[in-house]
Amino acid sequence: MIIANSHTILSVQGLRASINGTEILKGIDLTVKSGEIHAIMGLNGSGKSTFAKVLAGHSAYEVTGGSIQFADKNLLELPPEERARAGLFLAFQYPIEIPGVANTQFLRLAYNTVQTQRGKEELDPLEFDDFVREKMKLLEMKPDFLDRSVNEGFSGGEKKRNEILQMALLEPKLSILDETDSGLDIDALKIVANGVNRITNKDNATILVTHYQRLLDYIVPDFVHVMQAGRIVMTGGKELALELETRGYDWITANKQPVAGVNA
Ligand code: ADP
Ligand code: MG
């Protein structure tokens, strides 16, 4: 939702980044305010995941230009764990498996780290168990998820739900969901979307990276950005996603005017 007395959560200006000497991000500008949901769409290889990973502080990427302000912090000065503690959350396109670490231990450690940072009480295993089970109901997750190793042997849909569970526990200021819809059947997609919608409020913001518009039927964005060759080449409202669904992406390079009264 776009709200009147919102504040800026993320301000990206002229961001450039390379991997192995190849420039992937070629000058990205994006402002995200509290209460807003932004979708970033674009063909495979346009740089969407790179952008998400650079925001999270992935060490493989070299930032070669521009700035990222996150709340009151210069994000580029912070290592990834401090970005997370400051309230930035990235749900990965391909969540990693951590054999031998029970999901409940992992989640409690992550939760308590953030609680400490916020000057709040840590939860002991029993207290955490009650708390996490409540959140799991929201995502219709079975309790046995807690005792299984992190993501090990989870189906694609289960991994994605586990990512949203982390998001629900950590209450980030800014959540970035990278292709959270991929590999989900329609029921799982609705559950995940419902979870995201219940977490979103006027004080936080969400960036959805997606290739398909169907997720946006369930999580309605305030802004849709199109990424192409490492730049945001067009910005519109939620109608732009529908237009991309019917017309594809080719017209954007050919003629940067959307048909349906969307501002570029
Ligand atoms: P998207 O998420 O939009 O599909 P990516 O951010 O994953 O796009 O990739 C953007 C571009 O960066 C692609 O052309 C890809 O080949 C390139 N790229 C990604 N990772 C590497 C890497 N480790 N080395 C070289 N090029 C890479
Ligand atoms: Mg990607």
Sequence-separation-based contact order of the chain, relative, with Cα cut under 8 Å and 6+ spacing, percent:
26
Which listed pairs, of 135/190; 33/160; 137/173; 142/238; 73/159, have C-alpha distances above 27 Å, in listed order:
142/238; 73/159
Which of 124, 185 is most accessible, then next, and so on - probe 1.4 Å:
185, 124
Extension length gain for residue 152 and residue 11 (0.36 nm per residue less Cα distance), in nm, is 47.2 nm
Just name one of 180, 95, 145: the one whose Cα is farthest towards the positive end of the charge dipole of the chain (beta-carbon charges, Lys/Arg +1, Asp/Glu -1).
180
Could you state the angle between the C-alpha long axis of helix 186-199 and the longest principal axis of the C-alpha atoms of the chain, as a value from 0 to 90 degrees rounded to the nearest 10?
80
Angle, helix 103-117 long axis vs. longest principal axis of the chain, Cα atoms, 0 to 90°, nearest 10?
70
Compute, for the chain, the length of the dipole vector about the Cα centre, with Cβ point charges of +1 (Lys, Arg) and -1 (Asp, Glu) only. Units Debye, rounded to 20.
600
Using Cα positions and a limit of under 16 Å, work out the lysines in reach of residue 26, with same-chain residues fewer than 8 apart set aside.
48, 53
Carbon plus sulfur, as percent of the 1.4 Å-probe accessible area of the stretch 8-254, comes to 49
With all protein chains present and a 1.4 Å probe, the order of 220, 32 from largest accessible area down is 220, 32
Among 96, 191, 164, which one moves the most in a GNM of the chain with springs linking Cα atoms closer than 10 Å?
96
When only the heavy atoms of the protein chains count and the probe is 1.4 Å, how do 61, 94 rank by accessible area, highest first?
94, 61
Under a Gaussian network model of the chain whose springs join Cα atoms within less than 10 Å, the largest fluctuation of 119, 65, 236 belongs to 119
Dipole of the stretch 80-236, positive end: most advanced residue of 117, 132, 208 [Cβ charges, Cα centre]:
208
Quickly estimate the mean residue ellipticity at 222 nm for the chain, helices only: each DSSP H run with n ≥ 4 gives -39500 (n - 2.57), and the total goes over all residues, rounded to 500.
-10000 deg cm²/dmol
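The values are calculated or read from the model by the stated rules, or taken from the named source; none is laboratory data. Here the structure is a predicted model, which means the values were calculated and not measured. Positions of Cβ are generated from backbone atoms using ideal geometry, with glycine treated the same way; all protein chains shown enter the neighbour counts. Side chains included, ligands, DNA and RNA excluded: accessible areas come from the protein's heavy atoms. Shrake-Rupley method; radii C 1.70, N 1.55, O 1.52, S 1.80 Å.
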